[in-house]
Amino acid sequence: MINNPILRGFHPDPSIVRVGEDYYLATSTFEWFPGVLVHHSRDLVNWRPIASILTRSSQLNMEGSIDSGGVWAPCLSYHEGIFYLIYTDVKSRMGAFKDTHNYMVTAKDIMGPWSEPIYLNSSGFDPSLFHDEDGRQWLVNMIWDHRKGKNSFAGTILQEYSKEEKKLIGPKKNIFRGTKLGLTEGPHLYKRNGYYYLLTAEGGTQYEHAVTMARSRYIDGPYEVDPANPILTSSGKPELELQKAGHASLVETQNGEWYMVHLVGRPVKDKLCMLGRETAIQRCHWTEEDWIAVDGGKWPQSDVQAPQLPLHPFPVEPGLDHFDHAELGLQWSTLRIPASPDWMSLTARSGYLRLWGQESMSSTHRQSLVARRQQSMDCEAETAMEYRPEHYQQMAGLILYYDTRDYVYLRVTHHEELGTCIGLVQSVNGIYHEILEQDIPLEDGTYRLKVRIQREKASFMYAVGDGEWNGIGPELDVSHLSDEDAEYIRFTGNFIGMSVQDLSGERKHSDFDYFRYEEHDVVRMDHQ
């Protein structure tokens, strides 16, 4: 059996492709760098991260990008020896307008190197490339209409892409305006038995999210909708473990079995999803009427029959990083900017991650933040650091970070009377709080910092040197570190990591000796 979600934590908008016996799955990364993480599988059961695609600022420049901007809904495909990745770089998203620039990069190997980007269009988001049997290539994307009184999700635009000219050519046609569910996005084209199939996401990416299907004998329509729509949804079924099911992508195994990967969310309480939107998979079949259907019905299942393929497990990723490699591992992300020597180093001090302090937690430009996804509702993270702040504008420590408005920070700083000290700060919807009445003085030395997260609650601890752990502050409700707990819709998930600020501009650094991430909930390992 396959246990869902297959990618836990912030891994939304999955796009899957099979190349021979290998399956590759790309997901959105929004404002986190590098852009577009790719996971690999041989059996659709076991998955491992293998590469990031957008690794250079020339491919993805997000300095100054808004919260939940950056990379939306990548589409990964493969044709005649070439991998194609299509992605949106979102520069604005609130109000009437959305500035959404669509690009293509290519590579002969999934591990890269990936090309410089080719600009496609900016008419909407969620672009997808279809390779037709006659050799022609077609781009589809949802189109955005900013005008008052109009349906802002205005349909699916089709236009041909020229490999020779490296640009879109010919007429643009709106081929599908969606079903009554509305908010039509995430289009992908497939071809089977003489039909072009248009798979879309509808209902919005929250609790009414759904997958719908339409088909036509001609690529430019007209498209008829599947009478069974939606073919996948969690809407109206609050008892399901997997909520928000939608934004899907199809793959056929080498044995002719069909599967659908899709986005889901799992609330920690109420409708709050701290882990962000995750990736799950469902087994499918084709009906006598040539429509695709999910085995067992349209509701997402937590346990799914695996394909008839040899099991191919991977080594378990270690939860402890001693920072003894020259580059960060794939579990790590940085915020908006690449991990470059001007603000971080794994070689300045052997066996340590050195971060030079930059801008505040509110900045959308240059934060010194190295973090990993929270992937379990019951987990623990710990780090040790050496840090000698000289001013209250200098801070470093262990951070839970959703975006510039929502974070919780166990940080060491300096106080005019206390000297070096430690305290907890929490920002909820942009409102800054200092949790302790007074920070706790610290002796000079190495500081160990730890957090335990159990669903929506977090407990923090610290220790000096090899001393005993001390609890700090009350148990905090951290459910605000979620997609839903905001004034305006957002799309990422909670990250846990190491952060340094120097608001004076003097760039005081902190050295981190290790980072440990451990999950305590029981992960079902039937496939092992």
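Between rounded, prolate and oblate, where does the stretch 65-113 land on the alpha carbon gyration tensor, with a ≥ b ≥ c its root eigenvalues, rounded for a/c under 1.5, else prolate if a/b exceeds b/c?
prolate
Report the charge-dipole magnitude of the chain in Debye, nearest 20, computed about the Cα centre from +1 at each Lys and Arg Cβ and -1 at each Asp and Glu Cβ.
Here the chain has a charge dipole of around 1580 debye.
Regarding the stretch 320-519, what are the three Cα extents along the principal axes, ordered largest first, in Å?
Here the spans come out as 40, 37, 33 Å, largest first.
How much of the calculated P(r) for the stretch 127-284 lies past 27 Å, in percent of all Cα pairs?
28 percent
Checking the a/c ratio against 1.5 first, then a/b against b/c, what shape does the Cα gyration tensor give for the stretch 167-206?
The shape class here is oblate.
Suppose a student asked you for the relative contact order of the chain, using Cα pairs under 8 Å spaced at least 6 residues apart; what percent would you report?
14 percent
Please go through the residue pairs 98/167; 148/269; 148/173 and name each one whose alpha carbons sit more than 25 Å apart in this structure.
In this structure, 148/269 exceed 25 Å between Cα atoms.
Towards the positive end of the charge dipole of the chain, with charges on Cβ (+1 Lys, Arg; -1 Asp, Glu), say which of 374, 53, 17 has the farthest Cα.
Among 374, 53, 17, the one farthest towards the positive end of the dipole of the chain is 17.
Apply the a/c threshold of 1.5 to the C-alpha gyration tensor of the stretch 355-399 and tell me whether it is rounded, prolate or oblate.
Note, shape of the stretch 355-399 comes out oblate.
Using only alpha-carbon positions, what ratio does the radius of gyration of the stretch 1-84 give when scaled by 2.2 N^0.38 Å?
Taking N as the residue count of the stretch 1-84, the ratio is 1.14.
Counting C-alpha atoms alone, how compact is the stretch 2-304: give Rg to one decimal and Dmax as a whole number, in angstrom.
Gyration radius and largest Cα-Cα distance of the stretch 2-304: 17.8, 52 Å.
Around residue 282, what is the net charge, scoring Lys/Arg as +1 and Asp/Glu as -1 over all other residues with Cβ under 10 Å from its Cβ?
+1
Which translational diffusion coefficient, to the nearest whole µm²/s, is obtained for the stretch 315-383 from the Stokes-Einstein equation, given a Kirkwood hydrodynamic radius over C-alpha pairs, 25 °C and 0.890 mPa s?
182 µm²/s
Going toward the positive end of the dipole of the stretch 363-420, with +1 on Lys and Arg Cβ and -1 on Asp and Glu Cβ, which of 365, 396, 412 do you reach last?
365
Tell me the chymotrypsin sites (Phe, Trp or Tyr not before Pro) within the stretch 394-483 that lie in a loop according to DSSP and have at most 16 other beta-carbon atoms within 10 Å.
The qualifying sites are 469.
Two-decimal Rg/Rh of the stretch 94-213 from alpha-carbon positions, Kirkwood Rh?
Here Rg/Rh amounts to 0.98.
With the Cα gyration tensor of the stretch 371-454 in hand, convert its eigenvalues to equivalent ellipsoid semi-axes via √(5λ) and list them largest first in whole Å.
So the equivalent ellipsoid measures 23, 16, 11 Å along its semi-axes.
Where does the Debye-calculated log10 I(q)/I(0) of the chain sit at q = 0.10, 0.12 Å⁻¹, using only Cα point scatterers of equal weight, no solvent?
-0.78, -1.10
FYI, it's all coordinate maths here, none of it is from the lab. Only a predicted model underlies this, so the values are computations on that prediction, with no experimental measurement involved. Because the Cβ atoms are built from the backbone with ideal geometry, glycine has one as well, and the counts that use them run over all protein chains shown.
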